[in-house]
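Data block below; observations after.
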Amino acid sequence: SPEGPWRQRIAFQRFFMGQSHILTVRSDGTGIQRVSHATGRSESPEFSPDGKSITYERSFDIYVASSDGSDRRLLVRNGYEPRWSPDGSRLLFTRYRVDSDVAIFSVNLDGTKARELTNGEINYSPVWSPNGSRIAFVRDRNLPKIWIMNRDGSAETRLTRAPGKEDYGPEWSPDDRKVLFTRYKSYGRRCLRSDIFVIKTDGSRAKNLTATCRRREWGGRWSPDGSKIAFTRATDDGAQIFVMNANGTGFKRLTRGPGRNDLPDWSPDGSRIAFISKRD
């Protein structure tokens, strides 16, 4: 949560007896608060830019609630992947239309003026640029690639073009100039890997930041100042959290020991990293 009395709280999903709930907790581990419904399966929480509200998915519907769990209401039916605009005025979401068509929409916070931004094909993983003027997303024609468009759906531009490779998880740099993503590709029998790439928003200068044969890296996240990237690497003892400089130098391992550590996320001031760990 970025601002207000809920600053330095973490929203997360908890599974229990076939159900899942959205909760928040202070960064010292105290004050757990349930936000979502008491029953059913809720997932994908995201704080609003001012920290006062949270969106989440429940059975392919999107709800919005106050950060303390009050004032809970249905916002969108048949939608998932809710993403707040930087100014908090609109949400992006993804919707299945037909078996071969997945579209990206935007909508006001009162549920009005829902607008389809993509036209045909399979589109998902929308992400606002920091200034709110553009949207990065994945389009899957034959293989998934990274695209960008204006916030109104105009000026669609394909960023990644490498044949035979699958690109996922776009993440804007804080200065709006680059997009981080994960690329999956098999390089012969001995080298099956995923790497973290960065590309300029004009589609030029795609750079492999990790480039490790027989290792897999994924889930890159920019630090708030854009100087570092946190990511996950598969290791001999499971999966571990690493950090590197934005140019791909200075690799540093942050977690150790057996088990799986994944999904790193920076605190708003960039001083700490939260992550999920499976240790038992």
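The values are calculated or read from the model by the stated rules, or taken from the named source; none is laboratory data. Since the structure is predicted, the reported quantities are computational estimates derived from the model, not experimental observations. Cβ: placed from backbone, ideal geometry, glycine included. Neighbour counts: every protein chain shown. Areas reflect the complete protein model, heavy atoms only, side chains present, ligands, DNA and RNA absent. Shrake-Rupley method; radii C 1.70, N 1.55, O 1.52, S 1.80 Å.
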task = Calculate the length of the line joining the C-alpha centroid of the stretch 39-59 to that of the stretch 246-274, in whole Å.
result = 24
remark   = GNM of the chain, Cα pairs under 10 angstrom: of Pro86, Pro163, Pro268, the biggest fluctuation goes to Pro163
key: Accessible solvent surface per residue of the chain, calculated while the other protein chains remain in place, 1.4 angstrom probe, Å²   = 51
message = Give me the extension gain from Arg26 to Arg260: residue separation times 0.36 nm, minus the current Cα-Cα distance, reported in nm with one decimal.
response = 81.9 nm
ask   = Between Asn150 and Ala211, what length in nm is gained on full extension when 0.36 nm per residue of separation is reduced by their alpha carbon distance?
value = 18.8 nm
inquiry  = Defining a contact as two alpha carbons under 8 Å apart and six or more residues distant in sequence, what relative contact order in percent does the stretch 137-267 show?
reply    = 15
Three-way shape call for the stretch 1-107 based on the alpha-carbon gyration tensor, with the a/c threshold at 1.5 = oblate
note = The number of Lys pairs in the chain whose alpha carbons lie under 12 Å apart, excluding pairs fewer than 8 residues apart on one chain, is 5
note = Of the stretch 216-235, those with amide N under 20 Å from the point 7 Å along the Cα→Cβ vector of Arg177 are 221-230
inquiry  = Could you compute the net charge surrounding Asp152? Neighbours are other residues with a C-beta less than 14 Å from the C-beta of Asp152; K and R count +1, D and E count -1.
reply    = +3
ask   = Classify the stretch 215-280: rounded, prolate or oblate, from the alpha-carbon gyration tensor (a ≥ b ≥ c, eigenvalue square roots; a/c under 1.5 rounded; otherwise prolate if a/b is larger than b/c)?
value = oblate
query = Rounded to the nearest 5, what is the percent of antiparallel bridges among the DSSP beta bridges in the chain?
reply = 95
task = With a 1.4 Å probe and every protein chain kept in, tell me what percent of the accessible surface of the chain is carbon plus sulfur.
result = 47
task = Would you please classify the overall shape of the chain from the alpha carbon gyration tensor, given that a ≥ b ≥ c denote the square roots of the eigenvalues, rounded means a/c under 1.5, and beyond that prolate means a/b larger than b/c while oblate covers the rest?
result = oblate
query = Relative contact order for the chain using alpha-carbon pairs under 8 Å, separation at least 6, rounded to a whole percent?
reply = 8
